[in-house]
1. Go through (1) open to solvent by 50 Å² or more (accessible area, probe 1.4 Å); (2) in a helix (DSSP H, G or I); (3) touching a helix residue (DSSP H, G or I) at 6+ places or on another chain (Cβ under 8 Å); (4) not acidic (Asp, Glu) for Pro207 and report which single condition fails.
2. Pairs needed: first member in the stretch 203-217, charged (D, E, K, R); second member anywhere, open to solvent by less than 50 Å² (accessible area, probe 1.4 Å); C-beta distance under 6 Å; at least 6 residues apart or different chains.
3. Across the stretch 26-46, what is the number of residues that are assigned to a loop (DSSP other than H, G, I, E, B) and either over 12 Å from Ala143 (Cα atoms) or acidic (Asp, Glu) (or both)?
4. Using beta carbons and a limit of 6 Å, which pairs, at least six apart or on different chains, have the first residue in the stretch 244-264 and free of Cβ contacts under 8 Å to residues at least 40 places away in the same chain and within 19 Å of Thr275 (Cβ to Cβ) and the second one in a strand (DSSP E or B) and open to solvent by less than 10 Å² (accessible area, probe 1.4 Å)?
5. Based on this model, can you work out whether Gly190 counts as at pLDDT 95 or above, in a loop (DSSP other than H, G, I, E, B), open to solvent by 10 Å² or more (accessible area, probe 1.4 Å) and not hydrophobic (A, V, I, L, M, F, W, C)?
6. In the stretch 47-102, which residues are touching a residue at least 40 places away in the same chain (Cβ under 8 Å), β-branched (Val, Ile, Thr) and either part of a helix (DSSP H, G or I) or closer than 18 Å to Thr136 by Cβ (or both)?
7. Checking the structure you have, find out if any residue of the stretch 128-144 is within 17 Å of Leu38 (Cβ to Cβ) and in a strand (DSSP E or B).
Amino acid sequence: MVGGMGTSADSGDAPLAPGHAPYLPEPTGPGPVGATSLWLIDVSRPDPWAAGVNARELMVSLWYPATPSDGQRARYVTPAESELQLTSRGITDVPPGMLSTVRTNAVSDATPAGRQRGLPLALLSPGFTSPRSTLTALAEDLASHGYVVAGIDHTYESFATAFPDGRVTTCLARETRHRGEGFWEKVVAGRAADVSFVLDQLTGAHPAWPGAALIDPSRIAMAGHSIGGAAAIAAMLADSRIRAGLDMDGSTYAQIPDLGLARPFLFLGKRSNYTPGSGGAVTTWERDWKLMIGWKRWLLVAGAVHASFTDLGLLADQAGIDIGAGLPGARSLDITRAYVRAFFDQHLRSTPQALLDQPSPRYPEVTFWSLEPPEPVALEPAPA
């Protein structure tokens, strides 16, 4: 129910019966949520992936506190986007339009609610090849607690991005195989530019969204998944408006200068890849951790896989697809939503969060790490 947080398999883990649409968990906050999409065009720079395209086009979803409405629920993705996302991943044992049938909780184009300059803004950036919609459950939850949330589709970096004029762009960045040295640095730098442009469009003198007056431009933070999490560092280095950043399970690429990054940052990742001292992807977190001189946390989630921090873990469970996770998708979303919101509440609302100070018996899967010395701190599960 809205206002409560489920922690068990009754939240959508079991495969759906034939004919039942997949669905996202209800938000945990008290307020209704609206959603809308913006088609934004940055004429000041060429597209980094499409040769000869002299402007950067972006699709952005906004989720926000809304007045109560019985209007139509926001669409998750279009049928064309669903088919391309599934077939590009080799998923052919579910209907190609399955993702377009996902039941969301936000009402499409509902009237925004709130006081002028009263709402903090959270920016979300998805993983490489993934659309902005894969972070919808997180976005809806934040909006239900009083945030405006902007999810950005980084064009040509997703398997499919649908535009209002009927075009569907594909993942040129992957298809052209610009995977040489500097590729990922180019990705995060381009995403940082996308983020700054979106901020200009939402907080500038002539905003692109009629509800933009609700946004408090002094309270902005960013979170991302995979390369989107890596891009949070790049965006913070490029844009001082972003007060705090969060990386969900992404190796990082932007180089923090020697003087360090003083704004708050949280790493949230799967234990299998991001345990300090284990080599591999975690080495970039270890490098960056030493240069983060402000508030910081490093949290690991036992049983999580890469998709666990997105909607895809839950939707895979509902579709009967085994992605190898040791955590049900509904549970991993509970954890992700709780810790991301706690981070934003602490650093954008100045509301101290005990959840970020020590292990919690509510979330025994989550381990706190300190690199000096690298010893884990964990709490035993609360007695049943």
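The values are calculated or read from the model by the stated rules, or taken from the named source; none is laboratory data. Please read all numbers here as calculations on a predicted model, not as lab measurements. Here Cβ is always computed from backbone atoms with ideal geometry, including for glycine, and neighbour counts include all displayed protein chains. Heavy atoms of the whole protein, side chains included, go into the accessibility calculation; ligands, DNA and RNA do not. Shrake-Rupley method; radii C 1.70, N 1.55, O 1.52, S 1.80 Å.
1. (2) is the only condition that Pro207 fails.
2. Asp216/Pro120
3. Kept after step one, since they are assigned to a loop (DSSP other than H, G, I, E, B), are these residues of the stretch 26-46: 26-32, 43-46.
When the remaining residues are screened for being either over 12 Å from Ala143 (Cα atoms) or acidic (Asp, Glu) (or both), the result is 26, 43-46.
Adding up the residues that qualify gives 5.
4. Final answer for the pair search is Asp247/Phe267.
5. Working: at pLDDT 95 or above: yes; in a loop (DSSP other than H, G, I, E, B): no; open to solvent by 10 Å² or more (accessible area, probe 1.4 Å): yes; not hydrophobic (A, V, I, L, M, F, W, C): yes.
No: the conditions fail for Gly190.
6. Val60, Val77, Thr78, Thr101, Val102
7. Taking every residue of the stretch 128-144 in turn, none turns out to be within 17 Å of Leu38 (Cβ to Cβ) and in a strand (DSSP E or B).
Rundown of residues vs (1) open to solvent by 10 Å² or more (accessible area, probe 1.4 Å); (2) more than 30 Å from Pro15 (Cβ to Cβ); (3) modelled with pLDDT of 95 or more; (4) not aliphatic (A, V, I, L, M), yes/no style:
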site	(1), (2), (3), (4)
Gly269	no, no, yes, yes
Ala281	yes, yes, no, no
Leu291	yes, yes, yes, no
Gly294	yes, yes, yes, yes
Gly324	yes, no, yes, yes
Leu327	yes, no, yes, no
